[in-house]
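*Asks:* Can you keep this structure in mind? I'll have questions shortly.
The values are calculated or read from the model by the stated rules, or taken from the named source; none is laboratory data. What you are looking at is a predicted structure, and each value in this text was computed from that prediction instead of being measured. Here the Cβ positions follow ideal geometry from the backbone for every residue, glycine too, while neighbour counts run over all protein chains shown. With ligands, DNA and RNA removed, areas are computed over all heavy atoms of the protein, side chains included. Shrake-Rupley method; radii C 1.70, N 1.55, O 1.52, S 1.80 Å.
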Amino acid sequence: MIRLWFGLMATLAFTASAQDGGQLYETYCGACHAANGEGATGGQFPPLAGSEWVDGPAERAIQIVLHGLEGPVEVSGKPFNLLMPPQGAMLPDDQIAAILTYVRSSWGNSADKVTPAMVAKARAATADRSKPWTAPEILKLHPLPKPESPLRNLTSRVYHGEWKKLPDFAKLTAENVEEEHDGILSVTHADRKDHFGIVWEADFMVPKTGEYIFRFACDDGGRIILDGEVMLEVHGLGPMGGGRTQAAKLTLEKGPHPIRIEYYEFTGQEGISISWKGPDSDDWNELSDTKLKPGRKGPPSIPITPTAKRAAIYRNFIQGTTSRSIGIGFPGGVNFAYSADHMAPELAWKGDFIDGGLHWTNRGVGAQSPAGKDVVKLTSEPALPEGSRFRGYQLDAAGNPTFYNKIGELKLSDAYHASDNQISRTLSVDGNGEPVSILISESHAMGSIDGTAKVMPQPDGTTRTRLSGTMNFTVRDKLTLKVAGPSLLEKGPELYLLLAPGESATLTYTWK
Ligand code: HEC
């Protein structure tokens with residue numbers, strides 16, 4: 001691909017004559033960075049619009065245009081690892097100046113203009129250079145501008161002591177108190193490498209009322225107190241990141257909010273990272289000089305868990321079901337996902353409910369898998385007759401959901417409760433019309449019968465069963481499904497419940 005670009009540029013070089021920055025930009029940069037500055041091919045190339053690389057002092061951008069850039073680089077929070085070929089030999093100083101002046105004042109960028117004299121000086125300073133810059137090389141010479149810290153009136157207090165858990169700093173005397181005018185947290189302020197603690201206090205200036213997410217990691221431990229309440233805590237001893245990273249989401253009013261960060265280091269590595277994201281930011285903003293590297297596992301872990309008294313709900317893509325799904329995690333550690341598209345509970349699992357990290361941090365990209373174990377796929381196709389419609393759901397005070405569906409003139413309600421190791425489901429049909437068939441399993445094996453079951457083979461090859469009592473089935477070898485309802489219909493491997501208006505049925509799913 002790179003060779004193709006060189007060819008293209010050689011042709012363009014001869015046809016371009018305008019000295020207008022915008023036109024020169026389109027000719028020499030637009031193929032890769034796109035006319036709108038967002039990066040060509042849907043952002044596979046890095047953007048110049050809103051890029052921190054083109055902001056601030058101009059020399060960094062001038063050097064990149066002169067000599068190119070290669071290798072891993074992060075632009076506006078997104079990683080790239082490509083090659084930008086040098087443009088210096090092809091473009092005279094005045095054209096580079098015109099292009100960069102255009103880039104730095106377009107698409108919302110606002111940085112000072114670039115003069116031919118600045119380009120000439122930069123060119124002379126690196127005349128010996130014969131290969132593209134790497135990001136670390138150029139950043140060492142021309143660091144990126146630091147965004148203004150939202151921490152005002154930041155003070156740090158350093159303490160000495162050997163702690164394996166958070167001490168009561170209020171009872172201790174600080175060795176050292178400092179004002180940190182840059183508003184950045186740094187563990188390098190301590191005068192030793194091991195056995196110390198730091199307490200920072202500041203006002204966190206919330207730029208805009210809205211929802212904020214905070215992410216906290218430290219080596220070893222600490223906590224963040226915002227508006228007088230503990231927001232996040234990392235316990236014990238251990239490295240930064242990985243499974244120890246904590247996150248919280250909360251709504252904050254615009255204006256100052258007192259924040260206090262308590263931190264302790266036992267031995268070994270040390271570090272603290274607090275990053276935040278507001279209603280307007282796609283990227284994480286750091287409050288600390290250490291940046292939390294995104295783990296190989298991707299987004300941070302933000303487990304969503306039910307409380308002792310109330311089920312948790314999660315409305316987002318869940319792996320293994322359709323895109324409109326509603327996850328419910330019950331207090332006893334049983335969970336299911338209801339597909340609003342198929343009007344059925346499609347997945348059931350035990351243990352942990354789900355991790356919200358992916359969708360809190362990534363704007364809903366991708367589907368999240370259930371966090372627990374023993375996942376059972378119940379059905380994977382529409383459970384109600386064609387033309388049926390999902391009409392929404394209600395939660396009771398304990399978070400137990402009831403889903404509503406419309407089937408022609410009939411209304412189906414489908415209510416869920418749970419206890420240890422089992423989920424029970426009550427279906428009832430209201431209105432006037434023919435009995436409705438509701439798919440309840442795609443793969444089952446007949447178990448025992450309590451009571452009587454009148455089995456009636458039908459001419460079309462299906463089997464109807466009239467129940468007075470309960471019937472037990474095994475679903476995918478993992479669950480026992482107990483059906484207490486009027487009639488069942490079996491079509492090959494598929495099992496349907498037949499409900500006439502006024503009738504109801506109870507289904508109980510128990511893990512083996
Ligand atoms: C052949 C494609 C190509 C052309 C032409 C090109 N660039 Fe780039 N540019 C890239 C790539 C690819 C990177 C990232 C390199 C990496 O991954 O290390 C980049 C990076 C940059 C960066 C730093 C990162 C960023 O996105 O802010 C700047 C600034 C930049 N280019 C400006 C320009 C300007 C100005 C021109 C025109 C004079 C230009 N580029 C022409 C491909 C190109």
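*Asks:* Could you check the stretch 216-230 and list, in sequence order, the residues that are open to solvent by less than 30 Å² (accessible area, probe 1.4 Å) and either closer than 17 Å to L252 by Cα or free of Cβ contacts under 8 Å to residues at least 24 places away in the same chain (or both)?
*Replies:* Restricting attention to the stretch 216-230, the residues satisfying the condition of being open to solvent by less than 30 Å² (accessible area, probe 1.4 Å) are 216-222, 224-226.
Once the filter is applied, which keeps residues that are open to solvent by less than 30 Å² (accessible area, probe 1.4 Å) and either closer than 17 Å to L252 by Cα or free of Cβ contacts under 8 Å to residues at least 24 places away in the same chain (or both), the stretch 216-230 yields I224, I225, L226.
*Asks:* Can you pull out the residues in the stretch 91-105 that are out of contact with any helix residue (DSSP H, G or I) (no Cβ under 6 Å at 6 or more places or on another chain) and within 11 Å of the ligand (Cβ to nearest atom)?
*Replies:* Within the stretch 91-105, the subset out of contact with any helix residue (DSSP H, G or I) (no Cβ under 6 Å at 6 or more places or on another chain) is 91-92, 105.
Across the stretch 91-105, the qualifying residue is only L91.
*Asks:* Quick one: is G268 assigned to a loop (DSSP other than H, G, I, E, B), exposed (fewer than 13 other Cβ atoms within 10 Å of the Cβ) and modelled with pLDDT under 90?
*Replies:* On the way: assigned to a loop (DSSP other than H, G, I, E, B): yes; exposed (fewer than 13 other Cβ atoms within 10 Å of the Cβ): yes; modelled with pLDDT under 90: yes.
For G268, the condition - assigned to a loop (DSSP other than H, G, I, E, B), exposed (fewer than 13 other Cβ atoms within 10 Å of the Cβ) and modelled with pLDDT under 90 - is met.
*Asks:* Something else about it: Quickly run through the stretch 106-133 and pick out the residues that are within 13 Å of the ligand (Cβ to nearest atom) and surrounded by fewer than 20 Cβ atoms within 10 Å (Cβ to Cβ).
*Replies:* S106, W107, N109, A111, K131, P132 - these are the residues of the stretch 106-133 that are within 13 Å of the ligand (Cβ to nearest atom) and surrounded by fewer than 20 Cβ atoms within 10 Å (Cβ to Cβ).
*Asks:* Starting from residues that are outside any loop (DSSP other than H, G, I, E, B) and basic (K, R), keep the ones in the stretch 244-265 and report whichever is surrounded by the most Cβ atoms within 10 Å (Cβ to Cβ). Outline the logic, then answer.
*Replies:* Residues of the stretch 244-265 that are outside any loop (DSSP other than H, G, I, E, B), as a first pass: 244, 246-252, 255-265.
Next, from what is left, pick out any that are basic (K, R): 244, 249, 260.
Numbers: R244: 19, K249: 12, R260: 16.
By that ranking, first place goes to R244.
*Asks:* Considering only the stretch 133-189, how many residues are more than 23 Å from M240 (Cα to Cα), in contact with a His (Cβ under 7 Å, 6 or more places away or on another chain) and touching a residue at least 60 places away in the same chain (Cβ under 8 Å)?
*Replies:* Qualifying residue count for the region: 1.
*Asks:* Follow-up question, since we're still on this one. Does any residue of the stretch 146-156 turn out to be modelled with pLDDT under 95 and within 11 Å of the ligand (Cβ to nearest atom)? Outline the logic, then answer.
*Replies:* Within the stretch 146-156, the subset modelled with pLDDT under 95 is 146-156.
Checking the rest, the ones that are also within 11 Å of the ligand (Cβ to nearest atom) come to none.
No, the stretch 146-156 contains no residue that is modelled with pLDDT under 95 and within 11 Å of the ligand (Cβ to nearest atom).
*Asks:* To continue, here is another question. Just one of (1) modelled with pLDDT of 95 or more; (2) open to solvent by 70 Å² or more (accessible area, probe 1.4 Å); (3) small (G, A, S) trips up A98, so point out which.
*Replies:* (2)
*Asks:* Okay, next question. Restricting to the stretch 67-87, give me the number of residues that are within 8 Å of the ligand (Cβ to nearest atom) and not in a loop (DSSP other than H, G, I, E, B).
*Replies:* Qualifying residue count for the region: 11.
*Asks:* If I ask for residues that are open to solvent by less than 100 Å² (accessible area, probe 1.4 Å) and over 27 Å from R192 (Cβ atoms), which ones from the stretch 142-176 would you list?
*Replies:* Kept after step one, since they are open to solvent by less than 100 Å² (accessible area, probe 1.4 Å), are these residues of the stretch 142-176: 142-145, 149-152, 154-161, 163, 166-170, 172, 174, 176.
Correct list: H142, P143, L144, P145, P150, R152.
*Asks:* Which one of these is touching a Leu at 6+ places or on another chain (Cβ under 8 Å) and within 29 Å of H257 (Cβ to Cβ): P150, P132, P86? Can you show your working first?
*Replies:* Values: P132 fails: within 29 Å of H257 (Cβ to Cβ); P86 fails: within 29 Å of H257 (Cβ to Cβ).
Among P150, P132, P86, only P150 is touching a Leu at 6+ places or on another chain (Cβ under 8 Å) and within 29 Å of H257 (Cβ to Cβ).
*Asks:* Can you tell me which condition R363 does not meet? The list is (1) modelled with pLDDT of 90 or more; (2) farther than 23 Å from R310 by Cβ, and all the others hold.
*Replies:* All conditions pass for R363, except number (1).
*Asks:* Examine the stretch 404-417 for a residue that is open to solvent by 50 Å² or more (accessible area, probe 1.4 Å), under 22 Å from A312 (Cβ atoms), hydroxyl-bearing (S, T, Y) and in contact (Cβ under 8 Å) with a residue 60 or more places away in the chain, and state whether such a residue exists.
*Replies:* no
Every residue, every condition in (1) over 23 Å from G329 (Cα atoms); (2) among the basic types (K, R), yes or no:
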{"site": "K411", "(1), (2)": "yes, yes"}
{"site": "S419", "(1), (2)": "no, no"}
{"site": "I440", "(1), (2)": "no, no"}
{"site": "D460", "(1), (2)": "yes, no"}
{"site": "R464", "(1), (2)": "yes, yes"}
{"site": "L489", "(1), (2)": "yes, no"}
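*Asks:* Taking the stretch 39-66, which residues are farther than 20 Å from P145 by Cα and either within 6 Å of the ligand (Cβ to nearest atom) or in a loop (DSSP other than H, G, I, E, B) (or both)?
*Replies:* If we filter the stretch 39-66 for residues that are farther than 20 Å from P145 by Cα, which is where we start, we get 39-45, 66.
Across the stretch 39-66, the qualifying residues are G39, Q44, F45.
*Asks:* Output the residues belonging to the stretch 377-418 that are out of contact with any strand residue (DSSP E or B) (no Cβ under 8 Å at 6 or more places or on another chain) and more than 19 Å from S504 (Cβ to Cβ).
*Replies:* So the first thing to find is which residues in the stretch 377-418 are out of contact with any strand residue (DSSP E or B) (no Cβ under 8 Å at 6 or more places or on another chain), and the list is 386, 397-398, 408-409.
Residues satisfying the conditions are E386, A397, A398.
*Asks:* If a residue must be small (G, A, S), part of a loop (DSSP other than H, G, I, E, B) and under 27 Å from the mean Cα position of the chain (by Cα), how many such residues does the stretch 186-236 contain? Even if it seems obvious, please write down each step before you answer.
*Replies:* Quick first cut of the stretch 186-236, residues small (G, A, S) only: 186, 190, 197, 202, 210, 217, 221-222, 228, 236.
Now drop any that are not part of a loop (DSSP other than H, G, I, E, B), which leaves 186, 190, 228, 236.
Those left that are additionally under 27 Å from the mean Cα position of the chain (by Cα): 186, 236.
Residues that pass the stated criteria total 2.
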